[in-house]
Every structure is written in C-alpha cells, then in structure tokens.
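The values are calculated or read from the model by the stated rules, or taken from the named source; none is laboratory data. Small disclaimer: the values here were computed from a predicted structure and weren't measured. Backbone-built Cβ (ideal geometry, glycine too); neighbour counts: all protein chains shown. These area figures cover heavy atoms from the full protein model, side chains too; ligands, DNA and RNA do not enter into them. Shrake-Rupley method; radii C 1.70, N 1.55, O 1.52, S 1.80 Å.
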Amino acid sequence: MIRYRRPKQDDPVIYRLIETELVPYSHLSKGDVDAVRRDLPMRLSRGVTLVASPDYEDDPCAFIHFMIHGDLLYIDMMAVAPAQQRKRHGKTLLTQAESFAASRGCSKAKVMVDAGNDRAQLFYRNLGYDTARFIPLSLCYEMIKPLRLNPPSRLI
C-alpha cells in the first residue's frame, strides 16, 4: 500500500534506505555526504514523501520524496529495499508522484541519476524518462519526462 510518510515511524527506515541504496552511488565527498545527512530532516520536511509498505501500520519498504516547482515535478530521492525490488514498488510510487503532480498542473518530471547507477537509469528509461544531459560537476544524468496533464474533473 502507498501512504504518506509518518516521520517518527518511517524516518529511520528512510535514512537506512538512503545509506544503503543511494549513498553508495553518490560522487560527493565524505564531508558533503555528512552535510547531506545532517540536512535530511529539513530536506524531508520540504516537498512530499510517499512510502510503500505491506500494510498501513507496517514500516516502509520503499519511499519517494518529491517537490513541485511551478510546472515541474522534481524527484528528489527514491529507494526500494533490496528484498523488495522488482515487485513494482518503485513504479507504483513514481506513478503516484506523477499523478499527484499532474493533478496540480505539472507538465514535466525531472530526476537526477548518479553516473554508475545503471539500474536506476534503466528503471526511469523504461518508465518514459529520457536523458536530457550529463552534468559533469555532479556526475549525474538529468532525466526528463513529459507528464500528461489531468483534465479538471467535472461535477455531475
């Protein structure tokens, strides 16, 4: 099931997923990674975090954190526990984030994928994202996808 993040319950699991699934691909220095760790509570307080969990009360097995900037959906972070990969949690979370953003007028989505994280690049490519450019300074690929705007619902 997909639900909104509950900080007290979910943040320890989210931090662990960041450490095990995202940090190993990062090209940041140890000092920069430490600064990112310190900033995580503030970072997660901005934007929206959705989690996938087996049941409503269970700990998450995956999460996505995203922000909306004008007509842009920015996927900030997403990770799935290794034992839960290839079970559609990532696709479901991404689809939910895209639908949420499209319903609020977003026309495109963007994600930055670390160089060397070939599985993530393939994941996004398979879901309609194209590589827009490589950013040498951060050693990341910028991937973009157009979003279909949801028409306003009509009252019956």
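For the condition without any contact (Cβ under 8 Å) to a residue 60 or more places away in the chain and of a type in the set (S, T, N, Q), residue 103 qualifies. Could you look through region 131-147, keep only residues that are at pLDDT 95 or above and over 16 Å from the mean Cα position of the chain (by Cα), and pick out the one that is most open to solvent (accessible area, probe 1.4 Å)? Once the filter is applied, the top-ranked residue is 133. Scanning region 38-91 for residues that are β-branched (Val, Ile, Thr) and open to solvent by less than 50 Å² (accessible area, probe 1.4 Å), we see that the one that is nearest to residue 111 (Cα to Cα) is 75. Exactly one residue out of 120, 102, 97, 109 is open to solvent by less than 50 Å² (accessible area, probe 1.4 Å), under 18 Å from residue 50 (Cα atoms) and touching an Asp or Glu at 6+ places or on another chain (Cβ under 9 Å), and it is 109. The set of residues from region 12-22 being loosely packed, with under 15 Cβ neighbours inside 10 Å and within 20 Å of residue 116 (Cβ to Cβ) comprises 19, 20. Whether any residue in region 106-118 is part of a loop (DSSP other than H, G, I, E, B), under 22 Å from residue 8 (Cα atoms), small (Gly, Ala, Ser) and touching a Lys or Arg at 6+ places or on another chain (Cβ under 9 Å) is what I want to check. No. For region 119-138, filtering for residues that are part of a loop (DSSP other than H, G, I, E, B), in contact with a strand residue (DSSP E or B) (Cβ under 9 Å, 6 or more places away or on another chain) and without any contact (Cβ under 8 Å) to a residue 24 or more places away in the chain leaves 2.
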